[in-house]
Structures are given as structure tokens and as C-alpha cells.
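*Asks:* If you scroll down you'll find the structure; I have some questions about it.
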């Protein structure tokens, strides 16, 4: 590796990174496996048959072994008569010699007896005191000779062949129970103080380790053998020991996290001191802080910590390398779509995750910190560094993550737990993009979404309807949905009894523009009027009024963790977090649907499901349908 | 199942068989697996998140947690100064409250401290006696709120979703270490007295069990869980017990063999007596004798015994069923090609295996008894029952067995062990179709083959060259290959010393037209002349002269098994069979190559490899190059 160029704290281009990887000298391991477990792997050896297939000349039909010459005069109405001298089942070596004028019964696959040179099919014979043969056979007819399928000494499979059902069949045919395959043992080490293994308890400040498992699944799909090491803390010694152990036992090491140029950039230094950093930073979004190097003598890839970035860099750079070694085929499919909205480039190459609906590609813009960025995307488009902008409507090439299941409907909007129950009732394939109420309205306006889910409150006290005009949406209707109980969320032991009490405790507020925030402010204005204190003065005196949480969950989480004492949110979230809920009002969660889709089969099914909800039975606690559920409000 | 129509000893059409399978009530098993082993399977449950992701509001950048309002006046040249009150690493629940005018250092992924509502990126700050902030941030900037990615209570994955890297990532993200997947346990039972497990010794009359392993690999590829039972003998009790055991432990049972309508048709009767036969015989080639039924309460598919038929019926009827249940995607790819030769239909539907080369599809006609039928084919064409003939040149749809690796060259001809060594030296992808010398010449004439390998002897004593004219081949040359030692093959303890001795023992002869047969007859004519006996009289007196084996291996096998005492063949085969070899002559193994390809890069590489063989080092024993090797003989 000495001749390789060191790339030092200087971003490399995608092509440079691929060049560096191509020049890495990676030796696959050779593993002996039983043929039952060999499917999908590439052979690490030529396979030479030690045996003939078939190993002996055999009957290929049920019938009678004969001398062909004895049958030449046989006719349907003038049979030849032969002496029956025995019967040969499959699986034995017959001790019979067939003389002229003789025949022996023989089963398919049985060894041809000496003397005989053909088999008469049972259908062309009759049995009496002797065997009547009613049709002639020629020499070798219905006989499969030894080695006609495979000859001993023949190379039946070549090194590098990927083993499928047919190749496994060939291996069995020549009696090979074990073969050498190329295996690539890939060590996976996630780093981060905050990581906890799924299935374990999540203490405050901790998150579950995602990358170990998503990357492990990726390694398997590429034919590699993943070895998961326990996640290590951002500790120099701990990380070095993990790398040393992995280098001893694996062919390649993948780490995730601890790669950025910030204060926690331990990985870079460890590789630098115990090997070679070949590249630090790839000019690509997401995933810029990737490292490529050699550590303790083994190739190492430092993937970013964010799951979406980590998986993207794995797919783009590491997966092709593993597949090249294991011989697993690339499973990616490409398609073409029109871009639904204008996309601006950010001055570096970008793999932009997109969803697909009816031939349109819409960017998934949750940021690389979100795992749902990937699960809501169907694939990605590659934006070259030189491209400044792609206009809405332009054709783009989409690399799919897998086979696409076109959804019946695309929902964009505020997430609501009632939606899952509604989708099950409708039994439609609805792709749900959680983008908030405003995100839903924008998606309706741009023509991407089929349904938006919204709960926005106007200062006049009216839900949702005024916002269509405000967002410039014509040609869509509001379909009234269900009511969601809203109220105070406090800890179970809290002494807070009603809304007025929150003025004196640490609150966590919702973001400006959210329905909950508008409702909170309406209530606070009531209090300011009752007490004769100006609204601004009242809120300035409140601890935390200006702390804006973007989700109901963030409100509940701050209260659960003791960082605030009260907030406003929905009952469902309070109960899921084990918190107390004091109801204040009902919020109206509605759907916005383009008029042109209203009569479509899918929307009709959706609306039927919505209207069937009257008993509210399937809705989670805190949600209920009411007399307006399913009402269509047209905006004039 | 009671309402299903019994199909009794009457062939059903392909569509009828598929209809019967569709109406079968097959219940998949539900299996709990660790997410490390869940990749590729379909979820048997909805997955509802118990946690928010992220579980708390966190910094999405390395930087400083602040009150956004404190930074509003910050400018590059006029920083705001804040008091540094602590540092928050990832993974802990910070016990800090940030007051106005204060800031705390915070790592990416760390919990936001109470009070703070934004994070200033480290790049926009400087540290002195206090923290200087050089750019304003807005509320929530660089903060990811609890539940923005996934909310507790949210359904993150729906039942039926096939788990890929992204879905495994989602499961890890919400802390699920184990999930329920749909599993289908498929019992596999091969039947036949002659079957031996690969890896074991092959006694006379026995063959290796192929179907258990090829079908097992197929079940795995479809997402099923194969359970291999030991092969059972063609014995009623043994088979019934095996079926009973499999029915207890599996969701579906696949048997192979014992299904034909002949004497060994035990399977049919067992199913009939212990369940229901839904179909016996499908109108399809290969694979007619398939059985579909219910036995001991479980669905059973009786596949044919021949490996190629067995795998074809599995792929066509069983694989789609398993995939439907497990959710595994179909991996078949279709392409279009021109048929290289005319194909006649046989009055029933046919799945005809074909190889592909440069856009042409050529039928592989080794018969369903050969396992190499499938390994030499790239896919198959479906011929409808109503079609009588497809002309050469017609476009046909080919269903591929897997991804295609277009070979550099197509070799058709007589198999020779020297070829493997030659291919390795050339390092070309050469597809080898073993079709005998005549098959090779026919393939050259029809324009399919790029190289034919031939060793045909003319009665004049000249090898190969005269046969081009005889086969009507113009525009091709003979390239001299290597010499193969030919001689007598006898058992090690044989007293035979020379060719003349074979007149008095049991011989096994080669087929008329083979080079070896011509040489044998030339030698026998010498003897008849020397002794003054007419040739016909001499050969009529020889035991076995009219027994025609089609391969060198068949000759060796007959001798090894004691069914004959001597035969003529090549040294390589004698040695591989542990037999004695007495050299008689050298045979000339040559290549026939179309003139138009002679200057092509691939043929040039092939010829260079051939000519580099002069030391004969890499050739197997019995083969050697000589002064004519690589010589191009043009036929005028």
C-alpha cells in the first residue's frame, strides 16, 4: 500500500475515492462450506469431477434391456418374442448377462446389464409366457451412457462462479458435499457514548445503535459475513482495542461515527497512528466525513454516524467492493422520473433521496440525521458537483433502493396516530410522509400529495379551512376528519390543575404556526384580558414561553426528562410518555384533497373508511370521530 | 380443501395446475427472529414504536447551546459574548439550565439542556475569556426535536413489508431486537434406491442425490426454510413414514422421484390413501409426472426425479407459491433473442432450455436426464401447446435463470480435459457445450459456435480436415490442436498385452462415427488382412463388438464394473478410472474456427494460448502439444 497517495484532510471527489478503493489490495477469505449453505456465494476453487455422471450406463426409461438387433424385425402386429431372464431395479449392480434372444426387465436409472445395448419402453411390450416386443429399437436407444452428462476429470464449475440452484445441483451430482467459497469477513464497529443495543433499556440521553444492524444487513446482502462488535464509547483506548481485535479477525473493518472534523475526531487519529489514512472526507452529500484507510494492516472504512449518511456511503463505496470480491450481483434498478420541485445544488456532489409517485420524484428533505429519510425514499438521484439547479419537471435518473411498490395514494402532512388505523380500514397502500401540516399544504399546492393531513388553527378560532387560501391552494377541498383531545401535559406527581397554573412553572412551548401554539396563545390572551395584563408582559414573565418545541413528542420528552414542568399537547402522546393529561379543548384534524381526485376509486375508498369510523372504536385514546367526520367543505 | 376438484390420472394444463395451487390454503409459519437474521424476510406483524426517535431534543451539530434571542445582534465583526457554563457530551442527561447570557458546549447528538433553544455551530464561535458568537441563530436552529424522526406510538413498518437494510435500520432505531417474520418450513424428501448423499462413497449402481440440494437452494432463494430429510428408498412404508414426519414438522412437503405412472408409482398411491391427489400429471415438458396434493393434512408437491425436470417444475410452480407467502421478490429477468435453429413442438407445452450467445438462443438438447442441461442453459423459452414449430431466426422471449454473463466465445464440440487448461491460460470467458465432434461441426455450420473441438478420423487415416467438406462447412479453418494418447483400456489385473488380444475377450466398442471407432476398425482391418479372415467375420466373432458406448467414460465404466474386459479410449480416462492403459496411437484433437473470426481479439488470444502450450506442462497426462499445434489449415 506504500505507493498509495495519502489524502490528508482534503476532500476527495467521488471518483478519486472510488479509485483509492479500487487500488486497495483486499484479500477475500476462503471458507469451506457445506453445499446446503453455499447458495449465493462465489466458488473459490475450480471443481473437477472425480466421477462420471451417470457413473454407469443406465436405462433412461422403464422397460426391457435387450439386444437391439433382436428387435429389428418387430412390428405392432408381428411382435418379436424374447426370453425374460430377470429384473433389474435401480440402485444395484446387476449380475445378469443378456444373451441374444433374451431380455431383462429394467427400471429407469438402473444399470444396463452386460450384453444388452438398448431398452424397449414398457409401453411397446406385452408379457405372456415370454416378452413380446412390438416395436424395434436401435442400438443405444433409451440408454444413457456413463459420463455423457459429466465426465470424470472434467472441470464442472470454474473458480468465481456464483452458486445458484443449478450449480448446487452440479456439485451434488459430482458428490461434493463441501466446497471452498470466497468469504469476506466484515467487522462492524459503531462508536458513540450514546449508543445502546436494541432490546435494552434506553436511559436518558441514549439512543439505539442503528448502524451496526443496517450495515450488517447490507454486508449480508452483498455476500459478506458480518461480525458485529459491541458499540464502543468515544474513547481512544476503547476504540483502538476494538480496531485491533477486528483487524485480527476480519478482512475489512467498517466503523461508524467519530469521523467528523470536530472535537470527537478520534477515529482519524487512531488510523493515522496505526496505519494509513488514504482519504479523509469525500466531496459528497450526505456523508462528507468518511474515512478510507488501513489500520493494523486491514482496510478500514470510517462511515459517518448518521444512519442515512452511513448507509448511503456504504451503498455507494463499500457495497460494490464487497460484491466485487464475493461475486454477488448488484441488485439496483434504475428508472427515470420527473422532478416534482426545483432542487438547488449545494456546491458539492449530492445523492438526494427521493420518493416516487406516478412518475414524479420528490425530494425527501428530513436531513441526514433522520433514519426515516431513507425509509420514506424509493431511491436517490445523483447531482453532479457542476450542476447548480435542476428545474421542476426535468427528467432525472433515479437509482432505486429496491423494487418499487407504487402506492395507491401519497399522504403528506402532520403525523397522527389515527392515520394508521384509517389506512388499515381502507386497506390501501398509502405512503405516509410526515412533514407537518404546512408541509402537507405545500405538497398539495405543488401537486405531489394526494392527501394532506392538517391541524392548523387560525387566530379566529377556525381550524384548517382558512389556510387553503393562505397557502394559495385552489382546486382542493377540506374533508373534516376527527377530533383530538388537547390539553396540558404534566408529570404524574404535578400539582398543576388547570391551564392558569402554567404561568408560574417552567413551560415548554410549541413552535409558532402550529395549531397547538395558536390555541395556547388564544388561551393566554383570555388570561391577559381577565387579569388586565398586556399579553406580551404576561408571556415575558413565563419561564420557557420562548422555548419552541417542534413536536408533541418533544414537549412530552422535555417534561419527562424534567427540563420543563408543563406543555400543551395531545392526550395520546401524554399517555405514551406516562404523563398526566388535563384536557383543554378538541383539535380538528382534517384532510385536504385535490378536487380532481375526489371521485377516484382510491379516494372514495379512503372516504368510506373515514366515514365508517363513527363508533371511534379503532382510534387510539384521545381521538374520536364526530358528526362532521367525512363532511366535504368546498372553498369558494 | 373439500371443494377442490380431484384430478385423477388426467394431465392438467399449466394454467389448471397454477389454479389448483392458488386455491390451496397454505398457512405460513410465524417465526421470531433476531433483526440480524431478518433481512430479506416479510414482517408478520405491524411494528409500532414504543419510543420517540430521537428520544429527546438533541444538538444536530457540534457547537454551543444558547438562547437564540441572545445571538440576534451577533455579526462577524461584532460578536456577542456569552458565559460558558459547562460542556455536554453525547450520552448523558445534562444537569445544566442555560440562563439568558449563558452557553454550554454541546456535542452532536447530545441532549439539549433546559433553557437553551438553539445551537451555534462551533465554526461561528471563538473561545477567549468568554464565548464569542459571530453569527445569529434562530430558535430551534441545529436542534432536532424529540420524535421528529419517529413518534412513539407511530406504526413504523406494516405487516408484509420485506425487510431490507433500511427497514432493519428502522427496527434498530426503535429498539426492536426481535421481530416476527413469515417463515415457510419446506420439507424435502428425495426418493430412490439408487440415491447416495454427496460426500459418501458411490457403490456400483448408485448415484448422488442431486434434487435434495438443488431444491433446498431454491427454497432458500425464495425465502423458505428448507428441511432436508434423508433420501428414502422406493419402499411404501419408508416413504409413508417420511411423509408423516415431514407433515408434522413442515408447512409444505416437496418430494422428488417415484411419481411416474410406471411400476414405481408409489408416491401417488400413498398420497391418494392418506390425503387427496389434486393433480397427477401436468401437460408440460419437462416434468409431466408431477403430483399436487394434500398428504397427512399438508400440501405436497411430487416433483419428477430427473434433476432438470425437478428444478423446472419447482421454479415454475412451487417457487412462486413460496415467494407469495414469504414476500421474497421474483428475481427472474426476461430478454428477447432469435432462435438459432428450427424447433418442433411435441404436442404439449414445453419449457425449452436455451443458451444465449450474441442475441441468438440455441436449444440445449441433452434431455431431462442430464443435470448439465440446466447448467449449460441461460434460460428457457416457453412453447405453447398450440405452437407446432418455431422457425430459425424467429424472435423468442427468454426467461433467464439469473443474470447473464455473455461469454467471450462459445465452444461446442467434443469434451477434452485439455480444454480447461487452455481456457485458464487464455483467461477468456468461454462457454463450453459438450456436444461431441459432430455436434461441434453442426454448430459451426449453423453459425452458433465460435470454436468447435473435434477428433474425427477419416477411413483414409486423416483426422478432422476431411469432415469440413463432409459437413458442408466452408469459410472455416482447422487449427491443429494437441495429441491425445489412445489405446486399450483394461483392468489393472488384466492379462491383455496388446490390441490383438481383444479379439478373444468381452469388449465394449465406441459408437459408429466416433474417431475412436474408426481407429478401432482400421486396426481390426489390419488384423483381418494379416489373418486372412473377412472383416465382418472377425467382428461377428467378437463378444461385444456391437455394444456401442457413446463416451470414453462409458467404456471405462463398463470395464471397471466388470461388464466388459477391454475397450479403446484415451489415457486420461483410463487413469481417472484406476484402469490400465496400453497405448496404440495418437489422436489429433483440433479446433474448427470460422474464418471471419480468425482476426478477432478473442480468437487471437485463444490461439496465443494454444501456441504457448509447447512444453505441454499444463495439459493433463496423455495429452501433449507437438510441432503442428496452432497451425492453421485452410480448406480450399
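The values are calculated or read from the model by the stated rules, or taken from the named source; none is laboratory data. Nothing here was measured: the structure is a model prediction, and the numbers come from that model. Positions of Cβ are generated from backbone atoms using ideal geometry, with glycine treated the same way; all protein chains shown enter the neighbour counts.
*Asks:* With respect to residue B:190, determine if the residue is within 25 Å of the chain's Cα centre (by Cα), more than 8 Å from chain A (Cβ to nearest Cβ), at pLDDT 90 or above and buried (at least 24 other Cβ atoms within 10 Å of the Cβ).
*Replies:* For residue B:190, the condition - within 25 Å of the chain's Cα centre (by Cα), more than 8 Å from chain A (Cβ to nearest Cβ), at pLDDT 90 or above and buried (at least 24 other Cβ atoms within 10 Å of the Cβ) - is met.
*Asks:* Let me ask you something else. Do we have residue A:450 as in the same structural domain as residue A:486 (by TED's automatic domain parsing) and in contact with a strand residue (DSSP E or B) (Cβ under 9 Å, 6 or more places away or on another chain) here?
*Replies:* The answer is yes for residue A:450.
*Asks:* Okay, moving on. Give the residue, chosen from B:104, B:110, that is at the interface with another protein chain (Cβ under 10 Å from one of its Cβ atoms) and buried (at least 24 other Cβ atoms within 10 Å of the Cβ).
*Replies:* Matching residue, one of B:104, B:110: B:110.
*Asks:* Going by the structure shown, is residue B:81 more than 21 Å from residue B:322 (Cα to Cα), within 12 Å of chain A (Cβ to nearest Cβ) and at pLDDT 90 or above? If you could, list the steps in order and put the result at the bottom.
*Replies:* Values: more than 21 Å from residue B:322 (Cα to Cα): yes; within 12 Å of chain A (Cβ to nearest Cβ): no; at pLDDT 90 or above: yes.
For residue B:81, the condition - more than 21 Å from residue B:322 (Cα to Cα), within 12 Å of chain A (Cβ to nearest Cβ) and at pLDDT 90 or above - is not met.
*Asks:* Something else about it: In region B:214-228, is there at least one residue being under 22 Å from residue B:14 (Cα atoms), at the interface with another protein chain (Cβ under 8 Å from one of its Cβ atoms) and either in contact with a helix residue (DSSP H, G or I) (Cβ under 7 Å, 6 or more places away or on another chain) or buried (at least 22 other Cβ atoms within 10 Å of the Cβ) (or both)?
*Replies:* First pass over region B:214-228, keeping only residues under 22 Å from residue B:14 (Cα atoms): B:215, B:218-219, B:222.
Narrowing further to those that are at the interface with another protein chain (Cβ under 8 Å from one of its Cβ atoms): B:215, B:218.
From the residues that got through so far, the ones that are either in contact with a helix residue (DSSP H, G or I) (Cβ under 7 Å, 6 or more places away or on another chain) or buried (at least 22 other Cβ atoms within 10 Å of the Cβ) (or both) too are B:215, B:218.
Checked region B:214-228: at least one residue is under 22 Å from residue B:14 (Cα atoms), at the interface with another protein chain (Cβ under 8 Å from one of its Cβ atoms) and either in contact with a helix residue (DSSP H, G or I) (Cβ under 7 Å, 6 or more places away or on another chain) or buried (at least 22 other Cβ atoms within 10 Å of the Cβ) (or both).
*Asks:* If you don't mind, there's one more thing I want to ask. Looking only at region A:35-52, which residues are farther than 22 Å from residue B:203 by Cβ and either modelled with pLDDT under 90 or outside any loop (DSSP other than H, G, I, E, B) (or both)? Walk me through how you get there before you give the answer.
*Replies:* Taking region A:35-52 as the starting set, the residues that turn out to be farther than 22 Å from residue B:203 by Cβ are A:36-47.
Hits for region A:35-52 are A:36, A:37, A:39, A:40, A:41, A:42, A:43, A:47.
*Asks:* Okay, moving on. How many residues, within region A:160-172, are under 30 Å from residue A:299 (Cβ atoms) and within 7 Å of chain B (Cβ to nearest Cβ)?
*Replies:* 2
*Asks:* From the list B:293, B:281, exactly one residue is more than 14 Å from chain A (Cβ to nearest Cβ), over 26 Å from residue B:42 (Cβ atoms), under 27 Å from the mean Cα position of the chain (by Cα) and buried (at least 17 other Cβ atoms within 10 Å of the Cβ). Which is it?
*Replies:* One residue alone meets the criteria, B:281.
*Asks:* So residue A:32 fits all but one of (1) on the phi < 0 side of the Ramachandran plot; (2) within 13 Å of chain B (Cβ to nearest Cβ); (3) in contact with a helix residue (DSSP H, G or I) (Cβ under 8 Å, 6 or more places away or on another chain); (4) surrounded by fewer than 21 Cβ atoms within 10 Å (Cβ to Cβ); what number is the exception?
*Replies:* Result: residue A:32 passes all but (3).
*Asks:* Would you call residue A:345 surrounded by fewer than 20 Cβ atoms within 10 Å (Cβ to Cβ) and not assigned by TED's automatic domain parsing to the domain that holds residue A:255? Break it down stepwise before answering.
*Replies:* Values: surrounded by fewer than 20 Cβ atoms within 10 Å (Cβ to Cβ): yes; not assigned by TED's automatic domain parsing to the domain that holds residue A:255: yes.
It is true that residue A:345 is surrounded by fewer than 20 Cβ atoms within 10 Å (Cβ to Cβ) and not assigned by TED's automatic domain parsing to the domain that holds residue A:255.
*Asks:* Exactly one of these conditions fails for residue A:91: (1) touching a residue at least 12 places away in the same chain (Cβ under 8 Å); (2) at negative phi; (3) in a loop (DSSP other than H, G, I, E, B). Give me its number.
*Replies:* The number of the failed condition is (2).
*Asks:* Considering (1) at positive phi; (2) in a strand (DSSP E or B), say which one residue B:578 fails and leave the rest.
*Replies:* Checking residue B:578 against (1) at positive phi; (2) in a strand (DSSP E or B), the one that fails is (2).
*Asks:* Any residue at all in region A:529-545 that is within 10 Å of chain B (Cβ to nearest Cβ), closer than 18 Å to residue B:100 by Cβ and without any contact (Cβ under 8 Å) to a residue 40 or more places away in the chain? Step through it out loud before you land on a result.
*Replies:* Residues of region A:529-545 that are within 10 Å of chain B (Cβ to nearest Cβ), as a first pass: A:543-544.
After this cut, where a residue has to be closer than 18 Å to residue B:100 by Cβ as well, the list is A:543-544.
Now narrow it down to the ones that are without any contact (Cβ under 8 Å) to a residue 40 or more places away in the chain: A:543-544.
Taking every residue of region A:529-545 in turn, at least one turns out to be within 10 Å of chain B (Cβ to nearest Cβ), closer than 18 Å to residue B:100 by Cβ and without any contact (Cβ under 8 Å) to a residue 40 or more places away in the chain.
*Asks:* Do we find that residue A:606 is out of contact with any strand residue (DSSP E or B) (no Cβ under 6 Å at 6 or more places or on another chain), surrounded by 23 or more Cβ atoms within 10 Å (Cβ to Cβ) and at pLDDT 90 or above in this structure?
*Replies:* Numbers: out of contact with any strand residue (DSSP E or B) (no Cβ under 6 Å at 6 or more places or on another chain): yes; surrounded by 23 or more Cβ atoms within 10 Å (Cβ to Cβ): yes; at pLDDT 90 or above: yes.
Taking the combined requirement at face value, the residue satisfies it.
*Asks:* Follow-up question, since we're still on this one. What number of residues within region B:474-499 satisfy the criterion of being over 24 Å from residue B:623 (Cα atoms) and crowded, with 19+ Cβ neighbours inside 10 Å?
*Replies:* Looking only at that region, the number is 1.
*Asks:* Right, something else. Only one of A:95, A:62 is within 15 Å of residue A:114 (Cα to Cα) and out of contact with any strand residue (DSSP E or B) (no Cβ under 7 Å at 6 or more places or on another chain); which?
*Replies:* A:95
*Asks:* Scan B:32, B:22 and give me the residue that is touching a strand residue (DSSP E or B) at 6+ places or on another chain (Cβ under 8 Å) and modelled with pLDDT of 90 or more.
*Replies:* That would be B:32, the only listed residue that is touching a strand residue (DSSP E or B) at 6+ places or on another chain (Cβ under 8 Å) and modelled with pLDDT of 90 or more.
*Asks:* Can you name every residue in region A:561-576 that is touching a residue at least 24 places away in the same chain (Cβ under 8 Å) and in contact with a helix residue (DSSP H, G or I) (Cβ under 9 Å, 6 or more places away or on another chain)?
*Replies:* A:563, A:564, A:565, A:566, A:567, A:568, A:569, A:570, A:572, A:573, A:574
*Asks:* Next question, about the same structure. Any idea which of A:419, A:374, A:356, A:428 is surrounded by fewer than 22 Cβ atoms within 10 Å (Cβ to Cβ) and not in a strand (DSSP E or B)?
*Replies:* A:428
*Asks:* Hey, another quick one. Across region A:514-528, which residue is farthest from residue A:568 (Cα to Cα) among those that are touching a helix residue (DSSP H, G or I) at 6+ places or on another chain (Cβ under 7 Å) and without any contact (Cβ under 8 Å) to a residue 12 or more places away in the chain?
*Replies:* A:528
*Asks:* Could you tell me how many of the residues in region A:136-159 are in contact with a strand residue (DSSP E or B) (Cβ under 6 Å, 6 or more places away or on another chain), within 7 Å of chain B (Cβ to nearest Cβ) and under 11 Å from residue B:420 (Cβ atoms)?
*Replies:* 1
*Asks:* I would also like to ask the following. Kindly list the number of the only condition in (1) crowded, with 20+ Cβ neighbours inside 10 Å; (2) more than 9 Å from chain B (Cβ to nearest Cβ) that fails for residue A:175.
*Replies:* Single failed check for residue A:175: (2).
*Asks:* Among the residues of region A:555-573, write down those that are outside any strand (DSSP E or B), buried (at least 24 other Cβ atoms within 10 Å of the Cβ) and either on the phi > 0 side of the Ramachandran plot or more than 10 Å from chain B (Cβ to nearest Cβ) (or both).
*Replies:* The one that is outside any strand (DSSP E or B), buried (at least 24 other Cβ atoms within 10 Å of the Cβ) and either on the phi > 0 side of the Ramachandran plot or more than 10 Å from chain B (Cβ to nearest Cβ) (or both): A:559.
*Asks:* Answer yes or no as to whether residue B:543 is out of contact with any strand residue (DSSP E or B) (no Cβ under 6 Å at 6 or more places or on another chain), in the same structural domain as residue B:622 (by TED's automatic domain parsing) and crowded, with 19+ Cβ neighbours inside 10 Å.
*Replies:* no
*Asks:* Working carefully through the options A:307, A:299, A:289, find the one that is in contact (Cβ under 8 Å) with a residue 24 or more places away in the chain and in contact with a helix residue (DSSP H, G or I) (Cβ under 7 Å, 6 or more places away or on another chain).
*Replies:* Criteria check complete, one pass: A:307.
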